[in-house]
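The values are calculated or read from the model by the stated rules, or taken from the named source; none is laboratory data. Treat the numbers as computed from the prediction; the structure is a model and nothing was measured. Please note: Cβ atoms are built from the backbone with ideal geometry, for glycine as well, and neighbour counts cover all protein chains shown. Heavy atoms of the whole protein, side chains included, go into the accessibility calculation; ligands, DNA and RNA do not. Shrake-Rupley method; radii C 1.70, N 1.55, O 1.52, S 1.80 Å.
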Amino acid sequence: MQQTKVYSFPSADQVAQALNAFLAHASAEAIKQHGRFTVAFSGGSLPATVAKYLKDNKSVDFAKWFVFFSDERCVPLDDPESNFKLVKDELLSHVPIPDSQVIRISEALVSDSKRAAEDYDLQIAKALGCDVVNQPPVFDCILLGIGPDGHTCSLFPGHPEVQEKSKWVTFINDSPKPPASRITLTIPVLNRARSVAFVVTGGSKCDTVKAIVDGRDMSLPAAHVAPSEGELYWFLDDATAKYLTVNKPAEFKL
């Protein structure tokens, strides 16, 4: 694993500005190297923070973006709980990413999380041109948040999905927070990414962030995220980073 890079900013607005610069740079590099940019979004407050400045960035070649979802709730795509709807409202409806390049849960399968997870496996394989029996796919960037309990994606403390080693996408029907049924990328997929960026603001999760970033508390699912060959980033506001003493924030630069 590469060294963890922690960045902290005085406000959530400045976190959004930094993410705009970070993703514009990552996108340009990926497109230069292999003709497209593959990025996975989680939900919560992350899409709004990411999209705040990015949606107006005319330097980004959004036509070459392929968008995936780190996890998804098993609900219709227009449901307020849908991560797809959240990302669509915040970003996709503002930028020219072809609809065929937005890889979402099959709405026909939202009543069967197991089948929905298996189908999303196949969708990823088809979009990225890889085989589901081989090593996990390599995303250019995976954008993640965390919960106060240290969960990330829909991987919750004490749940067996955290230990899943063979599947790319798994399912859960007993999520501690509603809705109960979800699909989620697994740790092996997260750890194959070229870059993983956690985005946490607001200060309420400062103790959890310290336990993950400084303490590597493996009872917390987010602590399992450690890209084997990629880079791990934390984009925080100062209120969230205030207790970090081991992995102290560094100056942000591309």
Task: Residue list for segment 235-254, restricted to those being touching a Pro at 6+ places or on another chain (Cβ under 8 Å) and farther than 12 Å from residue 206 by Cα - done: none
Task: Criterion violated by residue 61 - all others in (1) within 25 Å of residue 168 (Cβ to Cβ); (2) open to solvent by less than 70 Å² (accessible area, probe 1.4 Å); (3) charged (D, E, K, R) satisfied - done: (1)
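Does residue 135 meet the test of being under 20 Å from the mean Cα position of the chain (by Cα), polar (S, T, N, Q) and at pLDDT 95 or above? Steps first, answer last, please.
Details: under 20 Å from the mean Cα position of the chain (by Cα): yes; polar (S, T, N, Q): yes; at pLDDT 95 or above: no.
Criteria not met by residue 135.
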Open item on the list: Please go through segment 44-75 and give me each residue that is in contact (Cβ under 8 Å) with a residue 60 or more places away in the chain and under 21 Å from residue 7 (Cα atoms), ordered by number.
Closed with: 44, 45, 46, 49, 50
Task: Odd one out for residue 124, checked against (1) surrounded by 19 or more Cβ atoms within 10 Å (Cβ to Cβ); (2) touching a Phe, Trp or Tyr at 6+ places or on another chain (Cβ under 9 Å); (3) assigned to a loop (DSSP other than H, G, I, E, B) - done: (3)
